[in-house]
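The values are calculated or read from the model by the stated rules, or taken from the named source; none is laboratory data. It should be emphasised that the depicted structure is a prediction, and the values quoted were computed from it without experimental measurement. All Cβ positions, glycine included, derive from the backbone under ideal geometry; neighbour counts span all protein chains shown.
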């Protein structure tokens, strides 16, 4: 694959796309996992499909309309959740199918043959273009700028929202920034893993990083590295075995997470049994001395 990478521009674009996607999923993925917004992120991701359908209907770049659609949906969800007592699950149940339904509706109104939506639904990192890379780089830069500028506020909001509110911190701003960053990340990841598989790439790297790190900056940094490894490994599998790149990335990441959890769980069980054996032995010796 190395020789092909030097020869074909689409592979070079795919590698750059994988690295840019890993930055986004590492940063916002850690926030999503810590704040328990996984399913809410799935709802926002699926509303982006309505924006993609709108882009085809208006004959404009679907990524731009997807960004506007997901951003509007994310901020609307945050506003409704703040001003009402409706449960988050209810909002997810409304906006998740709404986005998909609007996307289908706009595509059905598009003149001519309906476009293939499999790339947006399931991702294909091998089709990432230079224009996509530019959009991803700009959105990554925005994510980094927001995270660095408001890091302490976001950290306080994540770990103790009520206490932050009592201290007079702008919790509403932190919540709006979080939801807006989720929308930005969704658009970054659409071309890599697709709308349906986005949740896995958002969840697995930070969940795996939390096994080894406890601090938020450490989780974010390790999540970026793990996301890059999963994306590049999935890209290699996709290239060599001619399988869907998004599916390869997701399956590989979930398998690695499952394996690490099983091994770490076995290690904890063995460690616990060893200590039990030592404690029992010490107790036995103490009893014999008596």
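Going by what's in this entry, would residue 86 be described as farther than 15 Å from residue 139 by Cβ, part of a loop (DSSP other than H, G, I, E, B) and in contact with a helix residue (DSSP H, G or I) (Cβ under 8 Å, 6 or more places away or on another chain)?
yes
Looking for whichever is farther than 26 Å from residue 78 by Cβ, in contact with a helix residue (DSSP H, G or I) (Cβ under 6 Å, 6 or more places away or on another chain) and touching a residue at least 12 places away in the same chain (Cβ under 8 Å) here; the options are 232, 216. Which one fits?
Of 232, 216, the one residue that is farther than 26 Å from residue 78 by Cβ, in contact with a helix residue (DSSP H, G or I) (Cβ under 6 Å, 6 or more places away or on another chain) and touching a residue at least 12 places away in the same chain (Cβ under 8 Å) is 232.
Please enumerate the residues belonging to the stretch 88-108 that are surrounded by fewer than 16 Cβ atoms within 10 Å (Cβ to Cβ) and over 16 Å from residue 65 (Cα atoms).
88, 89, 90, 93, 94, 97, 108
Exactly one condition in (1) surrounded by 19 or more Cβ atoms within 10 Å (Cβ to Cβ); (2) over 21 Å from the mean Cα position of the chain (by Cα) is not met by residue 61; state its number.
Only one criterion in (1) surrounded by 19 or more Cβ atoms within 10 Å (Cβ to Cβ); (2) over 21 Å from the mean Cα position of the chain (by Cα) is unmet by residue 61, namely (1).
Just a yes or no: is a residue in the stretch 123-136 farther than 17 Å from residue 189 by Cβ, in contact (Cβ under 8 Å) with a residue 24 or more places away in the chain and in a helix (DSSP H, G or I)?
yes
Among the residues of the stretch 180-209, which ones are over 11 Å from the mean Cα position of the chain (by Cα) and free of Cβ contacts under 8 Å to residues at least 60 places away in the same chain?
Selection gives 208 alone.
Scan 198, 211, 225, 237 and give me the residue that is part of a helix (DSSP H, G or I) and surrounded by 24 or more Cβ atoms within 10 Å (Cβ to Cβ).
Of 198, 211, 225, 237, the one residue that is part of a helix (DSSP H, G or I) and surrounded by 24 or more Cβ atoms within 10 Å (Cβ to Cβ) is 198.
How many of the residues in the stretch 157-191 are assigned to a helix (DSSP H, G or I) and within 19 Å of residue 38 (Cα to Cα)?
The qualifying residues number 21.
Take the residues in the stretch 33-52 that are free of Cβ contacts under 8 Å to residues at least 60 places away in the same chain and buried (at least 24 other Cβ atoms within 10 Å of the Cβ), then tell me which one is farthest from residue 115 (Cα to Cα).
It comes out as 43.
Within the set of pairs 6 or more residues apart or between chains, which connect a residue that is closer than 18 Å to residue 48 by Cα inside the stretch 78-101 to a residue that is loosely packed, with under 14 Cβ neighbours inside 10 Å and modelled with pLDDT of 85 or more with Cβ atoms less than 6 Å apart?
none
With the structure loaded, tell me whether residue 146 is assigned to a helix (DSSP H, G or I), modelled with pLDDT under 90 and either surrounded by fewer than 16 Cβ atoms within 10 Å (Cβ to Cβ) or at negative phi (or both) or whether it fails that test.
No.
Run down 164, 129, 116, 84 and say which single residue is surrounded by fewer than 18 Cβ atoms within 10 Å (Cβ to Cβ) and farther than 27 Å from residue 250 by Cα.
Going through 164, 129, 116, 84 in turn, just one is surrounded by fewer than 18 Cβ atoms within 10 Å (Cβ to Cβ) and farther than 27 Å from residue 250 by Cα: 84.
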